[in-house]
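Trainee: So that we are looking at the same thing, I have put the structure below in structure tokens.
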Amino acid sequence: MNYLTDLTEETISDFRKRYGSEPETVVAAPGRVNLIGEHTDYNDGFVFPMAIERYTVIAAGPGKESGSAPRRGIVYSGNMNEEAEVLLEGAIAPEKEVKWYSYIQGTIAGCLEKGLNPPAFQAVLHSNVPLGGGLSSSASLEVATATLMETISKKKLDPVEKALLCQKAEHEYAGMPCGIMDQFISAMGEKGKAMLLDCRSRVPKMIPLENPEILIMITNSNVKHKLTGSEYPERRRSCEQAAAIMGVAKLRDASLDLLEKYRADLQKGDGLLYRRAHHVITEDDRTVNMAEALVREDWDAVGSLMFASHHSLQYDFEVSCPEIDILVDIARSLTGAGGVIGSRITGGGFGGCSVSLVRADKFESVQRCFEEEYYKKTGIKPTIFATRPAQGAAVIRS
Ligand code: GLA
């Protein structure tokens, strides 16, 4: 099964049925998995994501110009089975309640600010990035929208500018103060490569990950813990406080020596700031080391770094959850002859997915074992798939 071809055909056929014509433009943008480097992007540190073979596809054709009323676009979401109208000109204020099309409207607002002038359109969108599973379904929707706006406006944005305006849409229209990782990789991913991104210089370095003997396995725990939504901003704030105590602009600038020097101050109260900073400082190192280990194909080192990252996210940064810890424990029991190289939680945390590097010839037995053991321990069926690094945003038809 080719997830892009099938989804594209489904989206085009839906467009034909809905609007009775052939779409002129078709675009796609992938979700992502982060191999390592978690909660480091907003600390100006390093991340190491790759695009996955799961996408948001949008098919579009010309819409009706609405006379003197502000120009509009119409988008039907196959996932939501709902149609929405978005504004294509004028000042566009975010709505109070976040809706699925808020991401689209926010991205369009950013494109208008950058001088794009999209004509009225009608569109159908479908996505096979699991929604809310920590694989950046929202970034793929934003980047697909920006790619559609570029194409129908016949003007290309600078890719960094494009990723940044998508991030801004997420901040302002979806109320999520995310870092830059998800939008960067969805916009700029390359087939067969993971992206080592220095979030300060914003210069990506593409690292080949094409060994046919290795698969990237994604396991959706199928849990999303009900949180107030304040955890992510809280983590950001703790990092800023820790950096301020150590007198550095961002945790990227701190070292373990500096952390020890300020240990007493950082450990005041519950010791939380010390642990948060300890995670970020060590995770930055692990991320750079992992990219190097991948180039050397030093799988032992890759595995140790992934497990160490999970440990740090579990105990220092406290963004894991019992279900994902169980998945990582299962992975740990399958290292060596079992076929697992390494495993960790991926994305923002509190549920979602784990990412594991697995020997391709052992994939099926690893998958079976994950399914059985996880079900035995939690009563939940996980959803598992293997992927290779995919291409970032693309225009399929124009
Ligand atoms: C979410 C955010 C990213 C990043 C990760 C944690 O996915 O969107 O910017 O901060 O969490 O690494």
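Trainee: With all protein chains present and a 1.4 Å probe, how do R71, R296, R200 order by accessible area, largest first? Write out the running numbers ahead of the final one.
Mentor: Values: R71 50, R296 140, R200 95 Å².
Largest to smallest exposure gives the sequence R296, R200, R71.
Trainee: Something else now. Using only Cα atoms and rounding to the nearest 10 degrees, what angle (0 to 90) does helix 363-378 make with the longest principal axis of the chain?
Mentor: Its long axis makes an angle of about 80 degrees.
Trainee: Another question, if that's okay. Could you put K268, K154 in order of accessible surface area, largest first, with the 1.4 Å probe and the full protein assembly present?
Mentor: Details: K268 140, K154 175 Å².
I get K154, K268, largest accessible area first.
Trainee: List, in order, the whole-Hz ³J(HN,Hα) value for each residue of region 160-167 obtained from phi through the Karplus relation with A = 6.51, B = -1.76, C = 1.60 and θ = phi - 60°; use x for Gly and Pro.
Mentor: 5, 4, 5, 4, 5, 6, 5, 4
Trainee: Please compute the contact order of region 249-398 in relative form: average sequence separation of alpha-carbon pairs under 8 Å and at least six residues apart, divided by the residue count, as a percent.
Mentor: Numbers: 154 pairs, mean separation 22.8, N = 150.
Reported as a whole number, the value is 15 percent.
Trainee: Here is a further query. Nearest 10 degrees, 0 to 90: what angle lies between the long axis of helix 299-315 and the longest principal axis of the chain (Cα atoms)?
Mentor: 90 degrees
Trainee: Then there is this: In percent, how large is the relative contact order of the chain, given Cα pairs closer than 8 Å and 6 or more residues apart?
Mentor: Numbers: 857 pairs, mean separation 92.5, N = 398.
Reported relative contact order: 23 percent.
Trainee: Tell me the GluC sites (Glu not before Pro) within region 85-142 that lie in a loop according to DSSP and have at most 12 other beta-carbon atoms within 10 Å. Show your work: numbers first, answer last.
Mentor: On the way: sites: E85, E89, E95, E97, E113, E142; in loops: E89, E95, E97.
Listed in order of number, the matching sites are E95, E97.
Trainee: From the helices alone, meaning DSSP H stretches of at least four residues, give me the mean residue ellipticity at 222 nm for the chain, per-run term -39500 (n - 2.57), in deg cm²/dmol to the nearest 500.
Mentor: Values: 12 runs with 165 residues, N = 398.
Using -39500 (n - 2.57) per qualifying helix, the result is -13500 deg cm²/dmol.
Trainee: Choose one of L273, G247, Y232: the residue whose Cα lies farthest towards the positive end of the charge dipole of region 226-273 (beta-carbon charges +1 Lys, Arg; -1 Asp, Glu; about the Cα centre).
Mentor: Result: Y232, furthest along the dipole toward the positive end.
Trainee: While we're looking at this one, here's another question. Given points 7 Å out from each Cα along the Cα-Cβ axis, report the V98 to S201 separation in nanometres with one decimal.
Mentor: Between V98 and S201, the label points sit 3.3 nm apart.
Trainee: What list of ³J(HN,Hα) values in whole Hz, one per residue of region 182-191 in order, does the Karplus curve 6.51 cos²θ - 1.76 cosθ + 1.60 (θ = phi - 60°) give from phi, with Gly and Pro shown as x?
Mentor: Once rounded to whole Hz, the list reads 5, 6, 4, 6, 5, 7, 10, x, 10, 4.
Trainee: Could I ask something else about it? Would you list, by chain and number, the aspartates and glutamates whose Cα falls below 20 Å from the Cα of K114, excluding same-chain residues fewer than 8 positions away?
Mentor: E89, E142, E150, D158, E161, E170, E172
Trainee: Give me the percent relative contact order of region 45-153, please, defined on Cα pairs under 8 angstrom at least 6 residues apart.
Mentor: Numbers: 159 pairs, mean separation 40.1, N = 109.
That works out to 37 percent.
Trainee: Check V223: other-chain or 5+ apart residues with amide H under 5 Å from its amide H, H built from backbone geometry?
Mentor: G352
Trainee: Here is a further query. Hey, what angle do you get for helix 231-246 against the long axis of the chain, alpha-carbon based, 0 to 90 degrees rounded to 10?
Mentor: 60 degrees
Trainee: So how far apart, in nm, are the two label points at K261 and R296 if each is 7 Å from Cα heading toward Cβ?
Mentor: Computed distance between label sites K261 and R296 equals 3.0 nm.
Trainee: Per residue, what accessible area does region 305-352 have, given a 1.4 Å probe and all protein chains present, in Å²? The partial results should precede the final answer.
Mentor: On the way: 1350 Å² over 48 residues.
Using a 1.4 Å probe on heavy atoms only, each residue of region 305-352 averages 28 Å².
Trainee: Here is a further query. Which value, in Å², gives the accessible area per residue of region 129-259 when a 1.4 Å probe is used on the protein heavy atoms?
Mentor: With all protein chains present, region 129-259 gives 42 Å² per residue.
Trainee: Also, quick follow-up: Keeping all protein chains in place and using 1.4 angstrom, which order do E210, E371 fall into by accessible surface area, from largest down? Write down the numbers at each step before the final one.
Mentor: Working: E210 120, E371 70 Å².
Descending accessible area places them as E210, E371.
Trainee: With a 1.4 Å probe and all protein chains kept in place, how much accessible area does D284 have, in Å² rounded to the nearest 10?
Mentor: Approximately 20 Å² of D284 is accessible to the 1.4 Å probe.
Trainee: Still on this structure, please answer the following. Check which residues have an amide H placed less than 5 Å from A393's amide H, if you skip close sequence neighbours.
Mentor: Here A187, M188, G189 satisfy the definition.
Trainee: Give me the accessible area of E82, 1.4 Å probe, in Å² rounded to the nearest 10.
Mentor: Approximately 80 Å² of E82 is accessible to the 1.4 Å probe.
Trainee: Which lysines have a Cα less than 20 Å from the Cα of K193, not counting those fewer than 8 places away in the same chain?
Mentor: K205
Trainee: Take the solvent-accessible surface of the protein heavy atoms, probe 1.4 Å, and return the percent of it on region 131-274 that carbon and sulfur atoms account for. Each step should come with its number before you reach the end.
Mentor: On the way: 3360 of 6460 Å².
Within region 131-274, the accessible surface is 52 percent carbon and sulfur.
Trainee: Set the bar at 31 Å for Cα to Cα. Now go through K17/K154; K17/K155; K268/K376; K64/K162; K99/K381 and name every pair that lies beyond it. Kindly include the intermediate steps, with their values, before the conclusion.
Mentor: Values: K17/K154 26 Å; K17/K155 29 Å; K268/K376 41 Å; K64/K162 27 Å; K99/K381 28 Å.
Beyond 31 Å: K268/K376.
Trainee: So, one more: Limiting things to C-alpha atoms, what are the Rg and the maximum Cα-Cα separation (Dmax) for the chain, in angstroms?
Mentor: When restricted to Cα atoms, the chain yields Rg and Dmax of 21.3, 69 Å.
The values are calculated or read from the model by the stated rules, or taken from the named source; none is laboratory data. Just so it is clear, the model here is predicted, and its values are computed rather than measured. All Cβ positions, glycine included, derive from the backbone under ideal geometry; neighbour counts span all protein chains shown. With ligands, DNA and RNA removed, areas are computed over all heavy atoms of the protein, side chains included. Shrake-Rupley method; radii C 1.70, N 1.55, O 1.52, S 1.80 Å.
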